[in-house]
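I have placed the structure first, in the form of structure tokens, so that the comments after it can refer back to it.
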Amino acid sequence: MNARNGEAGDSLDCTEAVCENANMNPELELTTTNMAEKDVSPIVHEVTQILRGGKGEVSIEEQLEDMSVEFDSDVVNKVLKRCFKVPDLALRFFNWIKYKNQSSVTTATYNTMIYILGETKQFDIVEELLEEMEKNLCKKDLKTWTILISKYGKSNAIGKVLLLFEDMKKSGFEPDLAVCRVMLRTLCNGVKSDIAMEFYKEMVSKEMEPDTNLYKLLLNCLATSGYIDSIHLVAENMIKISQIPEQYVYTCMLKSFCISGRIREALEVIKDMKNKDIRIEPEHFEILVKGMCRADRISDALEIVDILKRKDVVDKKIYGIVINGYLRRNDVSNALQIFQSLKDCGQILPVSTYTELMQHLFRISEFEKAFDLYNMMLETGIELDSVAITAVVSGYVQQNRISEAWEVIKSMEKKGMKLTSKCYTVFIKELCKISRSDEALNVFNHMKALKLHIEDNMFNWITSHSGQKGELEKIHQVKQIQRASSKKDETTLDLSSIQIEPPPKSFTDHDLDRVCKIVSSSMSWCSKEESLQKCDLYSITPELVMEVLRSCRLHGGAALQFFTWVGKKDGYSHTAETYNMAMKIAGQGKDFKQMRMLFHEMRRKGLLVSSDTWTIMILQYGRIGLTEIALKIFREMKETGCSPNSSTYKSLIISLCGKKGRKVNEAMEMFMEMSEDGFVPDKELVEIYLGCLCEVGNVLEAKSCAKNLCQLGFSTPLAYSLCIRALCRSGKVEEGLIMADEVGEKDKNTLNGYIYGSVIHGLLREKRLQEALEKMESMKQVSIFPTVHVYTSLIVYFFREKQVCKALEVFKKMKEEGCEPTIVTYSSLIRGYMSNGRMDDAWSVFQKMKSEGPMPDFRTYSMLICCLCKEGKSEEGMRLLSEMLNVGIAPSTVNFRDVFYGLNREGKQSLAQSVLGTKWDLISRRKSLT
């Protein structure tokens, strides 16, 4: 196993506070300490301080060496537990101690390390540690097996869990109650009902009992699979063996049947309760009515409500459930009718019902009706909660009535109501949607004044939006607030954060999960079809189909077969939207024959073939360089009378500008046509278009385009900066600087702020370091300070010049000045380390990204795979291909090619063939087999 230590840890500041004596899971409570044993806490504290502050000139390992203390297993174990929240730091210390004092690394120490890695799903390293234990004759104990089964179980790796359980028994360990409970929970979460039931029976035979929560989980699992007899057997055992009260057991049964949509069985439970004189509470009717509404059997639910009305035992919660049921099926008129009838009778409904109605009305743009409900709540004195306030604020912002949104916020604050960060988060998000970044900044400042915690994603929304509009001043203000916020202690969680309920859906998450698991499984289609039939879905809607297709897009072949299967179901019809999604999936899998077939099928069925449909086909052909076909489809689209929209032009122009199938003249023609049709290109499109022109040497056209952008609403600094950036990136720095001098003095400072990073990057690419440093100094004189782009360019330059220490100094300075590294920065560090032969440091950065963020994206993986194959480490590149698939990133043909050729160069032909097999398997999964 790679040690993964070295200067990477020194230069990369693990700023996340090391967990102080984290309340670990009982799995880690390994031994009972003796009261007489020596106090090692001072040593543990000192080690923790060294690990936390590991960014000085002296490495962590050297500082640990200088401690001159005995690192026994107790000290090691406690240090690792304090590193619970920073697994890479724990692993670094663990690797060091193994070489320093192998005797201090015991089974208990390995258990702690495996637990920490298992929490972050770093199972590749876990497997390495297990092999290491075997080599070092460090035997697994019952705690090792328990941790392994628990962690793999949480990742839903059912096959691995079952294998571990068998291996544990073969090793001579008899499973105890803790292990059995973990096993049963894993099987239930994975909806492996048949195996779970067998396992439960074995537990009972050994006089082991699940706890009440595990019983409920088992009942839900069995109900989902329709194992009715097994449910009754478990219920009987709950009463007779575990001595759980009958009423509680029957309530659990009723809930499990209602959650899984098995209403007939739920009614049987009510009948049994009556026959056995078990008291039926209002809660049971609420459960039953909610189950009926979720199963789209509202008429049956209303019959129950009528019976309760006649007995005068109906509760207002029941009416709220029925209203929610109507909203789930988008039947707002009936929902409002019930609401109005209750209001006329003097019934006061809970705030949650008002909120659900408002959210739904806002969703369908019935703003005035929603605001009427809000005013009604105020008039009747109903106490509003944060969810209701958030819904109203969101509605006002959607109508651009910002002042009224602020009035709602401030009126609640005057009443002493403490709104949570979540409310302001939605406020900011909605403001960004309507391009009101100025008001979003006001919300930031308001939160700051209230000392509320501001999440990073809130900063990202506004910086992203302001970046698209070229509003550097606003970005600077947001960064200032972010830096100030990050300096505060953020160790406490905001437990009062509310969950904003999404608009009512026409399907349940449970149904969606079940279908997705089947579609994305490795079963044959015949088996999948059989399983789908057994699902007994009560409501198949286009919305459900869309979500299944979206979730299973990496399994394109199976997703398209599901699309065909569901299209034949009685009572269901595909919409234009579901066809568009299916076409997109077929195109992404390069199954163009299937994509065209779906297109013609849409036409035959008389569905609306909109500009979005045509755009999907243009985009899918264009993205892989088939621009001739993309242009042909574009012309065909216009011939049918369908007008291109902004997205159509953008997709086509980007394709024509790409390196594959590049057609510059056609791109210029389309760009002009787009403007003539009244569409304003966005910043992303302009950057790509100008970049293409500059790369092919058409500088005059690029400059002319920049000047024309000013007439389309772009500010002069922004329009010029886009062209200057393109010139610098294409190696034409001098021409970029000449163009910058053409801008008037009043726009000069703003332009410099925009082009700063690009100019530095261009100068460094031409190895003009001194000029780049002088440019940085001149910018500081006018209060324009280095950006992440500038620092990253310097890091790349020094690594390329083999000056690793200087590159790390830049990285350190960048962080000290509060400039947060981006995914590009970290990727540059990885590439730099690898090109300088420091593989362990590169891996350390990569692992840090996976554990602390930003998460590696397709480009990061591709770059790392390419570097590994060049360095003769193609097997590690092969493992990364699997990791990409596991995290939902589809490897490209180039990724497979790099690994395939690399393995062949290294004489590993059999592995190369297996990579080829993985590639074809992925291709077949993404293509329709029909």
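The values are calculated or read from the model by the stated rules, or taken from the named source; none is laboratory data. Small disclaimer: the values here were computed from a predicted structure and weren't measured. In this analysis, Cβ positions are derived from the backbone assuming ideal geometry, glycine residues included, and neighbour counts consider all displayed protein chains. Areas reflect the complete protein model, heavy atoms only, side chains present, ligands, DNA and RNA absent. Shrake-Rupley method; radii C 1.70, N 1.55, O 1.52, S 1.80 Å.
The set of residues from segment 863-876 being touching an Asp or Glu at 6+ places or on another chain (Cβ under 7 Å) and in a helix (DSSP H, G or I) comprises Ile865, Cys866, Leu868, Cys869, Ser874. On inspection, Lys451 fails the criterion of being surrounded by fewer than 20 Cβ atoms within 10 Å (Cβ to Cβ), at pLDDT 70 or above, within 28 Å of the chain's Cα centre (by Cα) and assigned to a helix (DSSP H, G or I).
Quick check: is even one residue across segment 206-213 in a helix (DSSP H, G or I), surrounded by 18 or more Cβ atoms within 10 Å (Cβ to Cβ) and of a type outside the set (Val, Ile, Thr)? If you could, list the steps in order and put the result at the bottom.
From segment 206-213, those in a helix (DSSP H, G or I) are 212-213; that's our starting set.
Filter once more, keeping what is surrounded by 18 or more Cβ atoms within 10 Å (Cβ to Cβ): none.
No: segment 206-213 contains no residue that is in a helix (DSSP H, G or I), surrounded by 18 or more Cβ atoms within 10 Å (Cβ to Cβ) and of a type outside the set (Val, Ile, Thr).
Which residue out of Ser647, Ser655 is open to solvent by less than 20 Å² (accessible area, probe 1.4 Å) and at pLDDT 85 or above?
Numbers: Ser647 fails: open to solvent by less than 20 Å² (accessible area, probe 1.4 Å).
Ser655 is the lone residue from the list that is open to solvent by less than 20 Å² (accessible area, probe 1.4 Å) and at pLDDT 85 or above.
So which residues in segment 244-266 are of a type in the set (Ser, Thr, Tyr) and either open to solvent by less than 10 Å² (accessible area, probe 1.4 Å) or in contact with a helix residue (DSSP H, G or I) (Cβ under 7 Å, 6 or more places away or on another chain) (or both)?
Start the filter on segment 244-266 by keeping residues that are of a type in the set (Ser, Thr, Tyr), which leaves 248, 250-251, 256, 260.
Residues satisfying the conditions are Tyr250, Thr251, Ser256, Ser260.
Does segment 393-400 include one or more residues that are open to solvent by 10 Å² or more (accessible area, probe 1.4 Å) and not in a helix (DSSP H, G or I)? Yes, segment 393-400 contains a residue that is open to solvent by 10 Å² or more (accessible area, probe 1.4 Å) and not in a helix (DSSP H, G or I). State which residue is surrounded by the most Cβ atoms within 10 Å (Cβ to Cβ) when the search covers only segment 383-392 and only residues that are in contact (Cβ under 8 Å) with a residue 60 or more places away in the chain and of a type in the set (Val, Ile, Thr). Within segment 383-392, the match that is surrounded by the most Cβ atoms within 10 Å (Cβ to Cβ) is Thr390.
Give me the pairs, please: first residue somewhere in segment 118-138 and more than 20 Å from Val887 (Cα to Cα) and part of a helix (DSSP H, G or I), second residue anywhere and open to solvent by less than 10 Å² (accessible area, probe 1.4 Å) and of a type outside the set (S, T, N, Q), beta-carbon distance under 7 Å, and either six or more positions apart or on two chains. Hits for this filter: Leu129/Tyr110; Leu129/Met113; Leu129/Ile114; Met133/Tyr110. Among the residues making up segment 361-382, those that are closer than 18 Å to Asn400 by Cβ, part of a helix (DSSP H, G or I) and open to solvent by 30 Å² or more (accessible area, probe 1.4 Å) are Arg363, Phe367, Glu368. If we keep just the residues of segment 267-280 that are surrounded by 13 or more Cβ atoms within 10 Å (Cβ to Cβ) and of a type outside the set (A, V, I, L, M), which is nearest to Val249 (Cα to Cα)? Here the residue is Asp272. Quick check on Val899: is it open to solvent by less than 60 Å² (accessible area, probe 1.4 Å), modelled with pLDDT under 85, over 27 Å from Phe562 (Cβ atoms) and part of a helix (DSSP H, G or I)? Spelling it out, it is not the case that Val899 is open to solvent by less than 60 Å² (accessible area, probe 1.4 Å), modelled with pLDDT under 85, over 27 Å from Phe562 (Cβ atoms) and part of a helix (DSSP H, G or I). Taking segment 291-359 and the helices (runs of 4 or more DSSP H) fully enclosed by it, the elements with 2 or more residues that are more than 30 Å from Thr224 (Cα to Cα) are at 298-310, 332-344. Scanning segment 151-161 for residues that are of a type outside the set (Val, Ile, Thr) and either surrounded by 23 or more Cβ atoms within 10 Å (Cβ to Cβ) or within 23 Å of the chain's Cα centre (by Cα) (or both) yields Lys151, Tyr152, Gly153, Lys154, Ser155, Asn156, Ala157.
Kindly establish whether Cys723 is open to solvent by less than 40 Å² (accessible area, probe 1.4 Å), in contact with a His (Cβ under 7 Å, 6 or more places away or on another chain) and not aliphatic (A, V, I, L, M). Here the answer is no, as Cys723 does not meet what is asked. Select from segment 244-266 the residues that are within 15 Å of Gly226 (Cα to Cα) and among the hydrophobic types (A, V, I, L, M, F, W, C) and list them in ascending order. Correct list: Met253, Leu254, Phe257, Cys258, Ile259, Ile263, Ala266. Would you mind stating whether Leu712 is open to solvent by 40 Å² or more (accessible area, probe 1.4 Å), modelled with pLDDT under 90 and not aromatic (Phe, Trp, Tyr)? Yes, satisfied. Of the residues making up segment 557-589, those that are surrounded by 18 or more Cβ atoms within 10 Å (Cβ to Cβ) and in a loop (DSSP other than H, G, I, E, B) are His574, Gly589. Restricting segment 281-313 to residues that are crowded, with 16+ Cβ neighbours inside 10 Å and β-branched (Val, Ile, Thr) leaves a set whose member that is farthest from Ile239 (Cα to Cα) is Ile298.
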